[in-house]
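Structure incoming, see below.
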Amino acid sequence: QRLTGVNPMALRRHRSREEPVPEAVVEAADRCLNEVGSTDRVRDLVPAFRLYRCDYPELGSARIQGYVRGRAEPGTLTAPTAWFWVDGDDRLMPLAIQLHPAGGGPDPVFTPKSPRWAWLSARAHVQSADAHLHEGYYHLLETHLVNEAVAVAMFRRLHPDHPVRQLLADHYEDNLAIDSAARNNLLAKDGPIDLGMAAGVAGVLDAARMRFTTWKWSERTLK
């Protein structure tokens, strides 16, 4: 799911120069590694580039949590960090989940060796957070809206016989029509996103807006 599923873009390798792994995560993860029979420990995984994570910090901000609390039927949206490790068979495996609940308080860490329902619940929180960022940022903004601008420029400025337009045209077939339909359906008030996401459509779009502040063309080009 993390490598070839709906949203593999959120996965990042954790590097030693980044902030250290929280001690609570290290303790829980090391216990999990021991219980699955591995001699590896978190301190070994980082320098070997075998520790990965997915995190969604925007969702924990007061701004986004305001949308969650303002709903007619308020739900719950955490800003979890999900940790993964590459095991001895070169498989990406779940290692730990820290939920970072809104409003502070206990910040529990769960692992695959936690009680079954606790682990399933933690995974559900991660999937909810992932869905919010995937739908608003990686899918809607990066796939549709950024490319909508490119498509409009292509149609306006490039002759139908221009070689670049010949290469791009198939990729942008129905792009503008789909985006127009989405504005009146998928993105509408009481539409699928508004009803299905804890932060509603306004929160999903605002979280994407927050993530977009660091977006760069140079990081999305073929090199």
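Going through segment 86-96 one residue at a time, which ones are open to solvent by less than 20 Å² (accessible area, probe 1.4 Å) and closer than 16 Å to ASP55 by Cα?
Answer for segment 86-96, where residues must be open to solvent by less than 20 Å² (accessible area, probe 1.4 Å) and closer than 16 Å to ASP55 by Cα: LEU95, ALA96.
Then there is this: Restricting to segment 103-145, count the residues that are more than 27 Å from ALA202 (Cβ to Cβ), assigned to a helix (DSSP H, G or I) and among the polar types (S, T, N, Q).
So the count comes out to 0.
May I pose another question? Assuming HIS100 fulfils every condition listed in (1) open to solvent by 70 Å² or more (accessible area, probe 1.4 Å); (2) at positive phi apart from one, which condition is it?
Looking at each condition in turn, HIS100 falls short on (1).
Report every pair of residues separated by at least 6 positions or lying on different chains whose Cβ atoms are under 6 Å apart, first residue within segment 67-83 and in contact (Cβ under 8 Å) with a residue 40 or more places away in the chain and of a type in the set (A, V, I, L, M), second in a strand (DSSP E or B) and open to solvent by less than 60 Å² (accessible area, probe 1.4 Å).
Matching pairs, first to second residue: ALA82/CYS54; ALA82/ILE97.
I'd like to know if segment 57-64 contains one or more residues that are over 28 Å from ILE193 (Cβ atoms), touching a residue at least 24 places away in the same chain (Cβ under 8 Å), buried (at least 16 other Cβ atoms within 10 Å of the Cβ) and not basic (Lys, Arg).
Of segment 57-64, the ones over 28 Å from ILE193 (Cβ atoms) are none.
No, that holds for no residue.
List, please: which pairs have Cβ atoms under 6 Å, are six or more places apart or on different chains, and start with a residue in segment 169-182 that is in a helix (DSSP H, G or I) and end with one that is at pLDDT 90 or above?
Listed pairs, sorted by first residue: TYR172/ALA151; ASN175/ALA151; ASP179/HIS144; ASP179/GLU148.
Does ARG116 fit the bill of being open to solvent by 30 Å² or more (accessible area, probe 1.4 Å), closer than 18 Å to LEU176 by Cα, basic (Lys, Arg) and out of contact with any His (no Cβ under 8 Å at 6 or more places or on another chain)? Working first, answer last.
On the way: open to solvent by 30 Å² or more (accessible area, probe 1.4 Å): yes; closer than 18 Å to LEU176 by Cα: no; basic (Lys, Arg): yes; out of contact with any His (no Cβ under 8 Å at 6 or more places or on another chain): yes.
Criteria not met by ARG116.
So, one more: Need the failing condition index for ALA82 against (1) of a type in the set (A, V, I, L, M); (2) assigned to a helix (DSSP H, G or I); (3) open to solvent by less than 20 Å² (accessible area, probe 1.4 Å), just the number.
Checking ALA82 against (1) of a type in the set (A, V, I, L, M); (2) assigned to a helix (DSSP H, G or I); (3) open to solvent by less than 20 Å² (accessible area, probe 1.4 Å), the one that fails is (2).
Okay, moving on. Can you spot a residue in segment 152-165 that is surrounded by fewer than 17 Cβ atoms within 10 Å (Cβ to Cβ), assigned to a helix (DSSP H, G or I) and either in contact (Cβ under 8 Å) with a residue 24 or more places away in the chain or touching a Lys or Arg at 6+ places or on another chain (Cβ under 7 Å) (or both)?
So in segment 152-165, the residues surrounded by fewer than 17 Cβ atoms within 10 Å (Cβ to Cβ) come out as 152-153, 155-165.
Still in the list and also assigned to a helix (DSSP H, G or I): 152-153, 155-157, 163-165.
From what's left, either in contact (Cβ under 8 Å) with a residue 24 or more places away in the chain or touching a Lys or Arg at 6+ places or on another chain (Cβ under 7 Å) (or both): 152.
Yes, that holds for at least one residue.
The values are calculated or read from the model by the stated rules, or taken from the named source; none is laboratory data. Just so we're clear, the structure is a prediction, and the values are computed from it rather than from any experiment. FYI the Cβ positions are ideal-geometry reconstructions off the backbone, even for glycines, and counts take in every protein chain you see. Only protein heavy atoms, including side chains, enter the accessible area calculation; ligands, DNA and RNA are left aside. Shrake-Rupley method; radii C 1.70, N 1.55, O 1.52, S 1.80 Å.
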